[in-house]
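> What follows is a single structure, and I will ask about it in a moment.
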Amino acid sequence: MKIYTKTGDSGQTSLIGGTRVAKHHLRIETYGTVDELNSNIGMLRDHLTRPDQQELMQEIQDRLFTIGALLAADPDKSRMKIPDLNENDISLLEKNIDLMNSELPELKAFILPGGHPAASWCHLARCVCRRCERMVSHLASETEVHPLILIYLNRLSDYLFVLARLVLKDHNCNEINWKPRT
């Protein structure tokens, strides 16, 4: 199988289902940003030291591939069977957020990104996740979008924030509290 098809050389691409759209179409931008998030999660996974966190990152990457496929499918024309996103995927994130929070001190200030490379990757992935969420919200205002995608991305960004805090704790690094000028 060749990696290049030349069918996109004119600035168009196909959705799952065959519909041709411009490569700058909101749907393409949206699932492209999910792909960007997935790459950031891969980099984050490579910086984590806990095997359970690395394993969950790989599962998250799998869910992001599912989300990308759901977004790449033309809701009116696709007949392809795409793996589904379900409530258990969201519950898994919530369970892990609660477990991590139980190891952390109460949050009393806004936290600046940084303090350790792995924590910084958490924050970078969190920001890309929030952008994905905004783009999916925009796309959902124009067309049908699987209803759990927004919920999953919202919970994932929360998970990444709490993970950044736990990574700092695991590496004996301090959180950097934001101290606004007065």
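None of the figures in this text is laboratory data; all of them are computed from the coordinates on show. Every value quoted in this text rests on a predicted model; they were computed, and no experiment measured them. Neighbour counts are summed over all protein chains in view; Cβ atoms, including those assigned to glycine, are modelled from backbone coordinates with ideal geometry.
> Rank LEU70, ILE90, GLY32 by how far each Cα sits towards the positive end of the charge dipole of region 12-177 (+1 on Lys, Arg Cβ; -1 on Asp, Glu Cβ) and give me just the farthest.
Going by the charge dipole, the pick is GLY32.
> Quick one: what are the phi-derived ³J(HN,Hα) couplings along region 141-151, Karplus 6.51/-1.76/1.60 with θ = phi - 60°, whole Hz, x for glycine and proline?
6, 10, 7, 5, 9, 3, x, 7, 4, 4, 5
> Longest segment of the chain with no chymotrypsin sites (Phe, Trp or Tyr not before Pro) in a DSSP loop having at most 13 other Cβ atoms within 10 Å? Intermediate values should be presented prior to the final figure.
Details: sites that count: TYR4, PHE110, TRP178.
My reading of the result: 5-109 is the longest stretch.
> Please turn the phi angles of region 58-72 into ³J(HN,Hα) values with the Karplus equation 6.51 cos²θ - 1.76 cosθ + 1.60 (θ = phi - 60°), one per residue in order, whole Hz, x for glycine and proline.
5, 5, 4, 4, 5, 5, 5, 5, 4, 4, x, 5, 4, 6, 7
> In terms of the Cα gyration tensor, with a ≥ b ≥ c the square roots of its eigenvalues, is the chain rounded because a/c is under 1.5, prolate because a/b exceeds b/c, or oblate? All intermediate terms of the calculation are to be shown ahead of the outcome.
Values: a/c = 2.09, a/b = 2.01, b/c = 1.04.
Judged from the Cα gyration tensor, the chain comes out prolate (a/c at least 1.5, a/b above b/c).
> Count the lysine pairs in the chain that are 8 or more places apart or on different chains: how many have C-alpha atoms under 27 angstrom apart?
13
> Same structure, new question: Near the amide H of GLN12, under 5 Å away, which other amide H atoms are found, from residues 5 or more places off or on another chain, if H is placed in the peptide plane?
So GLN12 has HN proximity to LYS23.
> Hey, can you grab everything whose amide H is under 5 Å from the amide H of ILE176? Only 5+ residues off in sequence or another chain; H modelled, so Pro and N-termini drop out.
For ILE176, the qualifying residues are LEU112.
> Let me ask something else about it. What residues have an amide H closer than 5 Å to that of ALA73, excluding those fewer than 5 places away on the same chain, when H is modeled at 1.01 Å from N in the peptide plane?
For ALA73, the qualifying residues are ILE16.
> Which net charge results for the neighbourhood of ASP74, defined as the other residues with beta-carbon distances under 15 angstrom from its beta-carbon, given Lys and Arg at +1 and Asp and Glu at -1? Don't skip to the end; give the middle numbers.
Working: positive: ARG20, ARG27, LYS77, ARG79, LYS81; negative: ASP76, GLU142, GLU144.
Cβ neighbours under 15 Å give a net charge of +2.
> Which value, in debye to the nearest 20, describes the size of the charge dipole of region 1-148 about its Cα centre when Lys and Arg Cβ atoms bear +1, Asp and Glu Cβ atoms bear -1, and nothing else is charged? Don't jump to the answer; show the numbers that get you there.
Working: 17 positive and 21 negative charges, 126 e Å.
It works out to roughly 600 debye.
> Then there's this: By how many degrees, between 0 and 90 and to the nearest 10, does the Cα long axis of helix 87-102 differ from the longest principal axis of the chain?
Taking the Cα atoms of the chain, the angle to 87-102 is about 20 degrees.
> Each residue of region 122-131 in order: what ³J(HN,Hα) in whole Hz does its phi give by Karplus 6.51 cos²θ - 1.76 cosθ + 1.60, θ = phi - 60°, with x for Gly and Pro?
4, 5, 4, 4, 4, 5, 5, 4, 5, 5
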